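Enquirer: Before we start, here is the structure in question, set down as structure tokens.
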Amino acid sequence: MSHHIVDFIDTYFTYPDQTQAVKGITLCISHGESVAIVGANGAGKSSLLKLLTGICLPTKGEIRIGETPVTKKTLPIIRQKIGFTFQDPDDQLFMTTVYDDVAFGPRNYGIGEPEVEKRVMKALETVGAVHLKDRAPYKLSGGEKRAAAIAAVLSMEPDILVMDEPSAALDPRARRRLINLLRSFMHTKIVATHDLDMVLETCDRTIVLKEGKVVCDGSSTTILANEELLEQCGLEKPLALQNCPRCGAKKE
Ligand SMILES: Nc1ncnc2c1ncn2[C@@H]1O[C@H](COP(=O)(O)OP(=O)(O)O)[C@@H](O)[C@H]1O
Ligand SMILES: [Mg+2]
């Protein structure tokens, strides 16, 4: 019996056009961990998250969420445990109002309307989007759509929060709200991102991907200070760890 909440066991994934996106990934994530998945464009971050959430199924190997293997049959159980926000919020929002999008998940699980309303309002408040509740999702700005997509996941009260580039298209205030939200989310969270400064503030552990493989897995503060490793993987040291660009003074 595994006590890990997420287990990838020698997992491979090849797209129908024969692009090999994930090439033999083994990793374990335990309850309550906060994990960043980083890597250059095309490194396999989104593909890894799609495998984790069962949007894609592995070509070889296995993924387990708790004791449940991710297969077509187990998808309803997996979806109840994992809240996933897509890289592109347009892939996630499809109802006529933001309210209905955020209510969709809880309604789908047969939760009564008074409880649905409580959850929707709480989720919208958390992302600062109550004022958007009656708007049509497709008419929102990129950052507003992102906030609505995050609320749609929070209303499900998931055990595991999985986000693909959640800070992309957010203005500084919305990004700060996202960081606070991630810090206050006490369950397991897994975030694919290019925003390494956000990683420093929200994730204790970082997994670096390159060409579909894990090249490094460890403490975020150690990995994100390793300039040579980051450069080899097409990344740049977070601003918070860079020296002052004017006087060269070192940051603590
Ligand atoms: N739908 C798809 N069909 C074919 N190849 C894809 C598809 N989506 C992504 N890829 C390829 O898979 C590899 C990994 O992509 P992706 O997981 O999106 O990387 P990342 O999220 O790190 O930018 C890349 O080579 C990309 O071109
Ligand atoms: Mg991606």
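The values are calculated or read from the model by the stated rules, or taken from the named source; none is laboratory data. Note that the coordinates shown come from a computational prediction; the quantities given were computed from them, not determined experimentally. FYI the Cβ positions are ideal-geometry reconstructions off the backbone, even for glycines, and counts take in every protein chain you see. Protein only, heavy atoms only, side chains kept; ligands, DNA and RNA dropped before computing areas. Shrake-Rupley method; radii C 1.70, N 1.55, O 1.52, S 1.80 Å.
Enquirer: Looking at the range 183-202, which of its residues are farther than 21 Å from C28 by Cβ and surrounded by fewer than 21 Cβ atoms within 10 Å (Cβ to Cβ)?
Expert: Of everything in the range 183-202, those that are farther than 21 Å from C28 by Cβ and surrounded by fewer than 21 Cβ atoms within 10 Å (Cβ to Cβ) turn out to be R183, S184, H194, D197, L200, E201.
Enquirer: Kindly establish whether A36 is under 16 Å from E165 (Cβ atoms), over 15 Å from the mean Cα position of the chain (by Cα) and buried (at least 22 other Cβ atoms within 10 Å of the Cβ).
Expert: Judged against the criteria, A36 is not a match.
Enquirer: Have a look at A192, A225, A249, A240 and point out the one that is touching a Leu at 6+ places or on another chain (Cβ under 6 Å) and without any contact (Cβ under 8 Å) to a residue 40 or more places away in the chain.
Expert: Every option except A225 fails the conditions.
Enquirer: Do the conditions hold for G218, that is, is it exposed (fewer than 14 other Cβ atoms within 10 Å of the Cβ), over 17 Å from the mean Cα position of the chain (by Cα) and more than 27 Å from D90 (Cα to Cα)?
Expert: So G218 fits the description; yes.
Enquirer: Filter the range 44-65 for residues that are within 22 Å of G110 (Cβ to Cβ) and more than 16 Å from ligand 2 (Cβ to nearest atom) and give the result.
Expert: Scanning the range 44-65 gives G54, I65.
Enquirer: Test each condition in (1) at pLDDT below 95; (2) open to solvent by 10 Å² or more (accessible area, probe 1.4 Å) for I179 and report the one that comes out false.
Expert: That leaves (2) as the condition not met.
Enquirer: Restricting attention to the range 85-118, and to residues there that are among the acidic types (D, E) and assigned to a helix (DSSP H, G or I), which single residue is nearest to ligand 2 (Cβ to nearest atom)?
Expert: Among them, the one singled out is D91.
Enquirer: Taking R205, is it open to solvent by 30 Å² or more (accessible area, probe 1.4 Å), free of Cβ contacts under 8 Å to residues at least 24 places away in the same chain and under 17 Å from the mean Cα position of the chain (by Cα)?
Expert: No; evaluated as a whole, the condition is false for this residue.
Enquirer: Between D171, D164, which is open to solvent by 20 Å² or more (accessible area, probe 1.4 Å) and touching a helix residue (DSSP H, G or I) at 6+ places or on another chain (Cβ under 9 Å)?
Expert: Exactly one of D171, D164 is open to solvent by 20 Å² or more (accessible area, probe 1.4 Å) and touching a helix residue (DSSP H, G or I) at 6+ places or on another chain (Cβ under 9 Å), namely D171.
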